[in-house]
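All remarks here apply to the structure that follows.
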Amino acid sequence: MADVIEMESMGGVVTRTRGGDVEVVVCGFDVQQGNVVWGLPKGTPEDGETREQTALREVNEETGLQVRIEGFVGSIDYCFARFDDGAPCHKVVHFYLMSAYGGDLSLHDHEFDYVRWLPVPEATRTLTHDNEVRVVKN
């Protein structure tokens with residue numbers, strides 16, 4: 001059996017208040033026609049980056065927003081088989097609470113088909129993975 005590959009990513013729970021409702025940014029990609037996987041923006045570090053620097057860069061790249069970190073939310077972990085070779089992986093993702101101060105969702109990364117602001121209750125119903133739902137509810 002192959003050794004488990006340990007991985008780490010950082011991401012953001014980007015929020016704003018609109019009309020009295022707290023909204024959060026969610027990112028989606030269409031895996032098959034009409035089957036969209038929704039998640040929070042996140043990604044892996046580049047050489048020499050701190051966790052916070054990675055989170056800021058990845059959220060900016062994936063959402064098109066300029067963001068600042070307001071605090072640490074928490075971490076999740078999960079296991080999966082790597083797409084290209086089936087290697088077993090264990091990933092830990094550290095999430096930061098963030099607020100946007102500029103940018104535009106229309107500038108989001110081509111990695112996603114959709115990037116949207118959703119009210120928290122709708123976001124928690126929309127996110128594909130329960131562990132990310134728990135992060136948003138925190």
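What the table below lists for this structure:
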quantity: Cα-based Rg / Dmax (Å) for the chain; calculated: 14.9, 53
quantity: Most mobile of 13, 24, 36 in a GNM of the chain (Cα contacts under 10 Å); calculated: 36
quantity: Order of 106, 75 under a 10 Å beta carbon neighbour criterion, fewest first; calculated: 106, 75
quantity: Table column - 3J(HN,Hα) (Hz), segment 83-97, Karplus curve with 6.51, -1.76, 1.60, x for Gly and Pro; calculated: 4, 6, 10, x, 4, x, 10, 10, 10, 10, 10, 9, 10, 10, 6
quantity: Degrees, to the nearest 10: 51-63 long Cα axis against longest axis of the chain; calculated: 70
quantity: Taking 5, 76 and counting other C-beta atoms within 10 Å, the order from fewest to most; calculated: 5, 76
quantity: Residue 49/residue 106 FRET efficiency (R0 22 Å; Cβ-Cβ; nearest 0.05); calculated: 0.25
quantity: Estimated [θ] at 222 nm from DSSP helical runs (n ≥ 4, -39500 (n - 2.57)) normalised by residues in the chain, nearest 500; calculated: -6000 deg cm²/dmol
quantity: Nonlocal amide H pairs with residue 97, under 5 Å, H built at 1.01 Å; calculated: 13, 70, 71, 72, 73
quantity: Unit charges at the beta carbon, dipole of segment 5-137: most positive-side option, 28, 133, 105; calculated: 133
quantity: Ranked list, fewest to most other Cβ atoms within 10 Å of each Cβ, for 6, 23, 70; calculated: 6, 70, 23
quantity: Note, ³J(HN,Hα) from phi for segment 102-116, Karplus 6.51, -1.76, 1.60, rounded to Hz, x at Gly and Pro; calculated: x, x, 7, 4, 5, 8, 5, 4, 5, 4, 10, 7, 9, 9, 9
quantity: Cα-centre dipole for the chain with unit charges at Cβ (Lys and Arg positive, Asp and Glu negative), debye to 20; calculated: 620
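Read-outs throughout are calculated quantities, based only on the coordinates presented, and are distinct from any laboratory measurement. Everything numeric in this text was worked out from a predicted model, so none of it was measured. We place every Cβ from the backbone using ideal geometry, glycine too, and count neighbours over all the protein chains shown.
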